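Inspection log for the structure reproduced underneath, given as structure tokens.
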Amino acid sequence: ALCMVHGFDTLPSMEGDFLDACAAPGNKTCHLAALLTECSKEASKSTRSNIVKVHALDKSKDRFQLLQRRMKELTDTPPRKGIETTEKVSVECHNTDFLSVDPESDKSFSNVTAIMLDPSCSGSGMISNHQEAMDRDPLSKTKSERIQSLSNFQFQALHHATTMFPKVQRVVYST
């Protein structure tokens, strides 16, 4: 999240929406929203009236529910003493596969200019669930096949981020 907003001092210099492609459980999304909120404090003095939108995607129904719960906790948390709140940042959660998102056909993603892409290196989201995830995945019978499958997904996701979003200016990739 720090790499995503590095170089932006205020919201008026940030054009477009942000997208967290593999968002659950939501830690990176919360961090990004917090950083954008800090940037928005200066923007409140400006003429910028639109809200910075963060799209948070996850294709797993269970992990998506956790993501929604975390985002609700983020917005329902009362402000702490000395901490200002802002209405300038909005997080929208989507239970969808990033690879299926097409900004040409789904206009809600047409203004994405920044993508945070942190695909799972284990496919499980939790290192303790690695064997369980391998057992659930009928396409990956061996560790070697599973590693190849995950490598292919990571390549496809990076390719999708850099080719399918015509307005994208910044992609932060990590795994």
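Annotation note: of M134, M116, M164, the sole residue that is open to solvent by less than 40 Å² (accessible area, probe 1.4 Å) and at pLDDT 95 or above is M116. Scanning the stretch 140-161 turns up no residue that is under 25 Å from Q65 (Cα atoms), open to solvent by 40 Å² or more (accessible area, probe 1.4 Å), at pLDDT below 85 and in a loop (DSSP other than H, G, I, E, B). Of all residues in the stretch 1-57, exactly one satisfies the criterion of being of a type in the set (F, W, Y) and at pLDDT 90 or above, namely F18.
The values are calculated or read from the model by the stated rules, or taken from the named source; none is laboratory data. All values derive from a computational prediction rather than experimental measurement. Just the protein is used for accessible areas: all its heavy atoms, side chains included, with ligands, DNA and RNA removed. Shrake-Rupley method; radii C 1.70, N 1.55, O 1.52, S 1.80 Å.
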